[in-house]
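Remarks on the structure that follows.
No lab work stands behind these numbers, since they all come straight from the coordinates. For clarity, every value in this text was computed on a predicted model and none was experimentally measured. Please note: Cβ atoms are built from the backbone with ideal geometry, for glycine as well, and neighbour counts cover all protein chains shown.
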Amino acid sequence: MANNLQTALFDRGLIGFLRILLRGAGQVMFQGNAWTGLFFIVGIFWGAYMSDNLNVAWGALLGLMSSTATGYLLSLPEKDGHDGLWGFNGILVGCAFPTFMSNTFWMWIALIFCAAMTTWVRSALNNMMRTYKVNSFTFPFVLSTWIFLLAAHLMPALDLSNISAPELPSHITSGGYLYFHDLVQYILRGISQVFLIDSWVTGMLFLIGLALASSWAALWAIVGSALSIFTAAALGASAEHISHGLYSFSAVLTAIAIATVFYKPSLRSAIWALLGIIATVIVQAAMNVMMMPVGIVTLTAPFCITTWLFLMPLLKLDKEEPDHSDWHGKGSKSRVQKS
């Protein structure tokens with residue numbers, strides 16, 4: 001098993017392995033492109049530095065490397081590793097743990113283990129879901145992180161420093177105001193929150209990275225974030241949560257997935273994606289309420305659930321027979337850019 005990792009590191013060169021890692025970062029938004037991944041990494045570091053928590057950036061790198069290395073150690077299909085599909089769940093774990101837990105030795109050990117865990121959890125979930133012609137998306141990250149966050153309530157060594165205590169849900173009035181002149185910042189924050197970063201500059205860097213791989217993906221990231229803001233505001237959601245992108249990040253992923261990856265861009269797929277964005281906002285609110293009593297956060301679960309529900313009907317929105325089980329399979333290969 002270790003020979004596979006040695007091959008990746010030495011026979012192909014460190015530059016080749018670095019390219020695989022960067023593709024893993026890009027695959028969070030469905031782009032197997034090293035340049036996209038590089039802009040994502042730069043955006044994470046900027047946002048982490050500006051929020052005075054660089055541990056988030058270092059955690060992202062550590063999670064990315066841990067999950068990617070695990071794929072080689074387990075001798076999983078090498079094509080997935082080459083395309084960066086072992087790394088995207090791990091980098092999200094790396095962003096989440098320093099965000100929600102204190103900087104302790106055991107947090108870092110748990111981060112490494114949880115990031116590695118996402119690689120085999122992804123393989124298991126994809127095997128189960130292939131029958132329904134969908135794949136697990138970022139749910140390996142969600143499921144694995146939920147397990148650790150729940151366990152942290154009874155394990156003080158995994159100190160939860162930035163997460164609400166379990167509480168019964170109650171009616172929440174919107175409160176606060178949204179300002180039209182800040183709309184661009186709200187949209188960009190929604191994009192940055194995909195990696196749990198609250199920074200409009202980071203959102204701009206993410207958009208540049210997306211545009212390098214797919215102009216359609218960049219456009220739909222903007223549409224997903226903007227429409228989610230208007231939807232949440234119209235339904236009276238918390239203005240503070242809306243302005244910091246907390247109703248947008250899952251909608252951004254839903255928009256990119258439906259409109260640009262699993263269906264060819266068209267009027268029909270655009271309408272379907274717009275409906276998916278609106279549905280994601282509602283699922284987000286519902287899951288926020290559902291998670292309150294257990295004291296954990298939704299992460300990207302609203303994106304996963306909504307996108308499954310919009311893909312599993314296997315609607316023929318283009319001429320091709322839909323098969324959403326493989327990002328690089330029929331119906332999506334031509335739209336996933338690599339570098």
### Task
Would you calculate, for the chain, the mean residue ellipticity at 222 nm contributed by helices, counting each DSSP H stretch of 4 or more residues as -39,500 (n - 2.57) and dividing by all residues, to the nearest 500?
-19500 deg cm²/dmol
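Could you give me D for the stretch 123-281, from Stokes-Einstein at 25 °C and 0.890 mPa s, where the hydrodynamic radius is the Kirkwood radius over C-alpha pairs? Units µm² s⁻¹, please.
Details: Rh = 17.2 Å.
Approximately 143 µm²/s, per Stokes-Einstein.
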### Query
How large is Rg over Rh for the stretch 140-207, taking Rg from the Cα atoms and Rh as the Kirkwood inverse mean of 1/r across Cα pairs?
1.09
### Convex hull (Cα only) mean projected area of the stretch 32-79, reported in nm² to one decimal
3.6 nm²
## Note on the structure
Footprinting proxy, Ser164, Ser192, Ser67: sorted fewest to most Cβ within 10 Å, the residues are Ser164, Ser192, Ser67
### Query
What is the ratio of the Cα radius of gyration of the chain to 2.2 N^0.38 Å, where N is its residue count, to two decimals?
0.93
### Efficiency of FRET between Asn103 and Val294 - r from beta-carbon atoms, R0 25 angstrom, step 0.05
0.55
### Reciprocal of mean inverse Cα separation for the stretch 120-169 (Kirkwood radius, Å)
12.9 Å
### Message
Students often forget the sequence filter, so: which aspartates and glutamates lie under 17 Å Cα-Cα from Lys264 once same-chain residues fewer than 8 apart are removed?
### Response
Asp318, Glu320, Glu321, Asp323, Asp326
### Extension reserve of the Leu235-Tyr132 stretch, reckoned as 0.36 nm per residue once the Cα distance is removed
33.8 nm
### Query
Quick one: Cα convex hull volume of the stretch 212-256, Å³ per residue?
57 Å³
